[in-house]
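Data first, discussion second: the structure below is written as structure tokens.
The values are calculated or read from the model by the stated rules, or taken from the named source; none is laboratory data. Because the structure is predicted, anything quoted here is derived from the model rather than measured. Methodologically, a virtual Cβ is constructed for each residue, glycine included, from the backbone with ideal geometry; neighbour enumeration extends over all protein chains shown.
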Amino acid sequence: MSRWFEVKLDMDSNGTFLVTAPAFPEVTTYGEDQESACRNARKAIEEAIAARIADGDDIPHPLDATTAKGWFVELQLLPYFKAALYMISRDKGITRAEIARRMGVHREQVDRIFRLDHNSRMDQIEAAFKAIGVAVTVEIPLPDAA
């Protein structure tokens, strides 16, 4: 699963960029230039994801690939992991209470893992994925050994 979402940038009548996100109808933001518009779009998408998690709603899947045409924003890693954990556990029908039981922790600790505004530790997130039967893998291309 990628971390990319498409955004639309349109020049507004006052010289700023109006930003919307096709996957998130609730997202509307702006920016003084393209860079700030995309930065604000990423924040707005992350806020929309947080609201959907809080409400128990579906989260759209990120794009499988991006094209050279258009504008795209990439989720930061921590919100991405939390959104993926939510999507997978919801798809498997595993509740937060069950995740807490499997992890041997209090429910409140699991609730914090699902909050995008909480700075969860990666070991907690990895343990939560393990509790739902998902192995976390990361691919980082390292330079060749000399």
Confirm whether Asp144 is part of a loop (DSSP other than H, G, I, E, B), outside the structural domain of Asp10 (by TED's automatic domain parsing) and not small (Gly, Ala, Ser).
yes
Conditions (1) free of Cβ contacts under 8 Å to residues at least 24 places away in the same chain; (2) of a type outside the set (Asp, Glu); (3) part of a helix (DSSP H, G or I); (4) closer than 23 Å to Ser36 by Cβ; number of the one not met by Tyr80:
(1)
Test: Ile99 is modelled with pLDDT of 95 or more, among the aliphatic types (A, V, I, L, M), buried (at least 18 other Cβ atoms within 10 Å of the Cβ) and closer than 30 Å to Leu9 by Cβ:
no
Let me confirm something: among Gly15, Gly56, which residue is without any contact (Cβ under 8 Å) to a residue 60 or more places away in the chain, surrounded by fewer than 18 Cβ atoms within 10 Å (Cβ to Cβ) and closer than 24 Å to Lys130 by Cα?
Gly56
Selection within the stretch 99-146 - among the acidic types (Asp, Glu) and touching a residue at least 12 places away in the same chain (Cβ under 8 Å)
Asp111, Asp117
